[in-house]
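J.: The following block contains the structure, expressed as structure tokens.
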Amino acid sequence: MKGLIVGLANDQSLAWGCASALHNQGATLALTYLNDKARPHVEPLAQAVEAPIFLPLDVTRPEEVDAMFDAIATEWGNLDFLLHSIAFAPKEDLQGRVLDSSGAGFSTAMDVSCHSLIRLAARAAPLMKNGGSILTMSFYGSEKVIPGYGIMGPVKAALEASVRYLAAELGPSGVRVNALSTGPVRTRAASGLSHFDDLMAKAAETAPMHQLVTIEQVGEMAAFLLSPRAPTITGQTIYVDAGYNVSGKNPPRCG
């Protein structure tokens, strides 16, 4: 299998758990880094999984998207999977109330965290000549009010809806589209959330298994969904959260 992983920031990233699992199962990977500041953290990881394609990719820059898919088309000619593991919102909007979010901040969060999946899927699908799989990352805050999750709740809800529509539109060509809803994991992106330590503690306390998930556990499920072993699973949001989403013990408390 040959696949593109977008959103790798460091060795604590969900994307790294996925990259490691996929590499261990024999996949050949194309990896990206956001910018020159991020490159020193990502390049050793790309070397560890022997990624033959390693390029900068800021999804708000069309020329970088073009360069990545041109490289894949030239070097491989086809693509088996795409992992989309990126999310961003300006700090002032992320840590405030949804009610107070700015139009610009909300638009940025929606563009980077949600619409980028659609843009990348539109470029990846034509390269999936024998079918393929697309996977993105979500969180339970898309369904229920999670203290401190702010505007990412509505944004992740839109992301999960996009997964369903993309699955319907790409299904006839044999391309599957799914989302993984993980429990809280201490990643670089999550560290920007307010009350994140409280969220981690609450999740461990209320999840039926009384534990948090690891990037390795998320990676194993991602590797399964991106592989031919899941040929009829599409349009789904699948939980990897030790049962956190069924606990029903997380009251809405914002502000």
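J.: Note the full-extension length gain between GLN95 and ASP198 as 0.36 nm times their separation in residues minus their Cα-Cα distance, in nm to one decimal.
T.: Taking GLN95 through ASP198 to full extension adds about 35.7 nm, to one decimal.
J.: While we're here: Points 7 angstrom from Cα along the Cβ direction at LYS129 and GLU50: gap in nanometres?
T.: 2.4 nm
J.: Here's something else I'd like to know. I'd like to know which of THR32, VAL145, ALA9 lies farthest towards the positive end of the charge dipole of segment 2-242, counting +1 on Cβ of Lys and Arg and -1 on Cβ of Asp and Glu.
T.: Projecting each Cα onto the dipole axis, the largest value belongs to VAL145.
J.: Which cross-chain or sequence-distant (5 or more) residues have an amide H under 5 Å from the amide H of ALA30, H modelled 1.01 Å from N in plane?
T.: Under 5 Å from the amide H of ALA30 lie the amide H atoms of GLY3, LEU4, ILE5, each far enough along the sequence or on another chain.
J.: What are the residues whose amide H is under 5 Å from the amide H of SER133, where those residues sit 5 or more places off or on another chain and H is modelled from the backbone?
T.: HN-HN under 5 Å from SER133: PHE81, LEU82, ARG176.
J.: Whose amide H sits under 5 Å from the amide H of PHE88, counting only residues 5 or more places off or on another chain, with H placed in the peptide plane?
T.: When sequence neighbours closer than 5 places are left aside, the close amide H contacts are SER113.
J.: So how strong a dipole does segment 2-242 carry about its Cα centre when Lys and Arg Cβ are +1 and Asp and Glu Cβ are -1, to the nearest 20 debye?
T.: Using only the charged Cβ atoms, the result is roughly 380 debye.
J.: Right, something else. May I ask which residue of SER162, CYS18, LEU45 lies farthest towards the positive end of the charge dipole of the chain, with charges of +1 (Lys, Arg) and -1 (Asp, Glu) on Cβ and the Cα centre as origin?
T.: The residue sitting farthest along the positive end of the dipole is SER162.
J.: Once you put a point 7 Å from the Cα of SER247 and another 7 Å from the Cα of ARG61, both along the Cβ direction, what distance in nm separates them?
T.: 4.0 nm
J.: Now for a separate question. Could you work out how far apart the two model spin labels at ASP70 and ASP11 are, taking each label as a point 7 Å from the Cα in the direction of the beta carbon, and quote it in nm?
T.: In this crude label model, ASP70 to ASP11 measures out at 3.4 nm.
J.: Would you compute, from DSSP H runs of 4+ residues alone, the mean residue ellipticity of the chain at 222 nm, taking -39500 (n - 2.57) per run and dividing by the full residue count, rounded to the nearest 500?
T.: Value at 222 nm, helices only, nearest 500: -11500 deg cm²/dmol.
J.: Something else: Over segment 2-242, what relative contact order in percent results from Cα pairs under 8 Å that are six or more residues apart?
T.: Relative contact order of segment 2-242: 22 percent.
J.: I'd like the Karplus ³J(HN,Hα) series for segment 95-102: coefficients 6.51, -1.76, 1.60, θ = phi - 60°, whole numbers in Hz, and an x wherever there's a Gly or Pro.
T.: With the stated coefficients, segment 95-102 comes to 8, x, 6, 4, 4, 9, 5, 7 Hz.
J.: Something else now. Using 0.36 nm per residue of separation minus the Cα-Cα distance, give me the extension gain between ALA122 and ARG39 in nm, one decimal.
T.: 27.3 nm
J.: Another question, if that's okay. In whole Hz, what ³J(HN,Hα) sequence does segment 50-62 give by Karplus (6.51, -1.76, 1.60; θ = phi - 60°), x for Gly and Pro?
T.: 6, 6, x, 10, 9, 9, x, 8, 9, 5, 8, 10, x
Each value in this text was obtained by applying a stated rule to the coordinates, not by laboratory testing. These numbers come from a predicted model, not from an experiment. Cβ: placed from backbone, ideal geometry, glycine included. Neighbour counts: every protein chain shown.
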